[in-house]
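The values are calculated or read from the model by the stated rules, or taken from the named source; none is laboratory data. No experiment lies behind these values; they were computed from the predicted model shown. Cβ coordinates were reconstructed from backbone atoms using ideal geometry, including for glycine residues, and neighbour counts include every protein chain displayed.
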Amino acid sequence: MTALGAWAITYAMHSTLLVGAIVVLDRAFGARLALDARERLLRASLVVALITPCVPCGSAWVPVGDGAALAMHGPSRVEAGGGSGAAPAVAPADPAPAWLAGIGIAWLVGAAFGVGRLAWRLRALRVRLGSRALVAGGRAHDALARLSADTGTARGVRLTTAVDLASPIVLRGGEICVPRDLLDVLPAPELEAMLAHELAHVARRDAWWLVAAHAVEAAFFFQPLHRAARRALYSVQELRADDWAVRATGERLALARCLGRLVDRVVPGAALVPAMAIARGGVLARVTRLVRPDDGRALPRGWAPSVVAGIAIAVALLAPRVSASAGAPAPLRPGEARLTFEHDGDVFAVHWRPGRLRYTLNGAAAPPDRVVVDGDTAWLRDRDGVDVGVVRAGAHGASVSSVPPPRRE
């Protein structure tokens, strides 16, 4: 669990830098980027932060006891910093504090709850739409078949209707579900534009990407930037589906009129599946974009991905990681010394630098009854309280030596 806790903290740091950079780039330059470039950026936010914490680069911060790991096994010895020529000692993995394991447990519990809640919501949506009816004929069925053939979309797309549905949606498995009343009121051009928009979601597998974004957000619930990235990805999906529908039908104004009819049908909340109308402001902005298209994007397509790739490499190489185990202790600085003293299975470690001494016992902070400090001298005691070692510190270093056992009279 300590390793999971350390990885979760590392992920929180790396995802803040990476996902934050992607969200900032999208908000600052999204209007000048091609939609496919924006979509690649936002999709990358789902996976790039999962990779960098696993790259064994950068510096590692090891929370052990009250400071850095100092426990060292083996014969009693002294290491000096500043190129003394002493061979570096090999240290075992140091014990991590309990709170690191607590973070790992809390993450697992929270992630299980979030992913389980997401699965329950997806199932609840299917149950609520359980009474939907298959459209096996009529003008909507014929229009969808014609669009599928003209665009080369894989066959087998199912068209269903539901009475208690406000907006057309796409379900995983290649199913388009539309409100029953829309099939009766929409003119043929608007009906075809609506079906082309939903078919675009099927062809582009937007439902799966949206579920993946929700799953990442649920699993890493402590990172609020995933919500911002998921919302931005949903908006881009809708814009790209609009463009796909316009290319397939040539009916830009018909799609705008269809969206205008859906303004009063806006479904509030987070979209679990691609829905044609999810936010009133977003629908109105899409209508405006269809009526007055703006192709004034000036930034090159490879600009933003190159920036994000550079940030990802920099984070992987330079951003700190939290490790549950230190392995070998950190190299000593000039003017420092590390002393170890072993007795009866206990390993005392002393880290000396001018004006300061730090003591550990078996990798954790030494309790006051085992290390008794008296000025520049410290007595190392065994489990029975008997002095077994003595540390003498001065202005230029420290020494450790054994205490002879008391003589028996």
_Name the residue that is nearest to Ile311 (Cα to Cα), counting only residues in region 18-39 that are surrounded by fewer than 17 Cβ atoms within 10 Å (Cβ to Cβ) and not small (Gly, Ala, Ser)._
Val24
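On the basis of being basic (Lys, Arg) and either part of a strand (DSSP E or B) or modelled with pLDDT under 75 (or both), does Arg286 make the cut? Give the steps one after another, and end with the answer.
Values: basic (Lys, Arg): yes; either part of a strand (DSSP E or B) or modelled with pLDDT under 75 (or both): no.
It is false that Arg286 is basic (Lys, Arg) and either part of a strand (DSSP E or B) or modelled with pLDDT under 75 (or both).
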*Check Ala312 against each of (1) crowded, with 20+ Cβ neighbours inside 10 Å; (2) assigned to a strand (DSSP E or B); (3) at pLDDT 80 or above and name the one condition it does not meet.*
(2)
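Mind checking which residues of region 340-356 are modelled with pLDDT under 75 and either outside the structural domain of Trp379 (by TED's automatic domain parsing) or assigned to a strand (DSSP E or B) (or both)? Spell out how you get there, then give the answer.
Going through region 340-356, the residues modelled with pLDDT under 75 turn out to be 352-356.
Matches in region 340-356: Trp352, Arg353, Arg356.
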*Residues in region 94-114: is at least one at pLDDT below 90 and of a type in the set (D, E, K, R)?*
yes
*Residue check, Gly173 against (1) loosely packed, with under 14 Cβ neighbours inside 10 Å; (2) under 30 Å from Thr2 (Cα atoms), all met but one. Which one?*
(2)
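Which of the residues that make up region 196-209 are hydrophobic (A, V, I, L, M, F, W, C) and buried (at least 23 other Cβ atoms within 10 Å of the Cβ)?
Ala196, Leu199, Ala200, Val202
Picking from Ala218, Ala193, Ala212, which residue would you name as being closer than 21 Å to Arg126 by Cα, crowded, with 20+ Cβ neighbours inside 10 Å and in contact with a helix residue (DSSP H, G or I) (Cβ under 7 Å, 6 or more places away or on another chain)? Let's see the steps before the verdict.
Working: Ala193 fails: closer than 21 Å to Arg126 by Cα; Ala212 fails: crowded, with 20+ Cβ neighbours inside 10 Å.
The conditions single out Ala218.
Yes or no, residue by residue, for (1) under 40 Å from the mean Cα position of the chain (by Cα); (2) among the small types (Gly, Ala, Ser):
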{"residue": "Ala143", "(1), (2)": "no, yes"}
{"residue": "Val170", "(1), (2)": "yes, no"}
{"residue": "Gly173", "(1), (2)": "yes, yes"}
{"residue": "Val185", "(1), (2)": "no, no"}
*Output the number of the condition that Arg301 fails; it satisfies all remaining conditions of (1) surrounded by fewer than 18 Cβ atoms within 10 Å (Cβ to Cβ); (2) modelled with pLDDT of 75 or more; (3) outside any helix (DSSP H, G or I).*
(2)
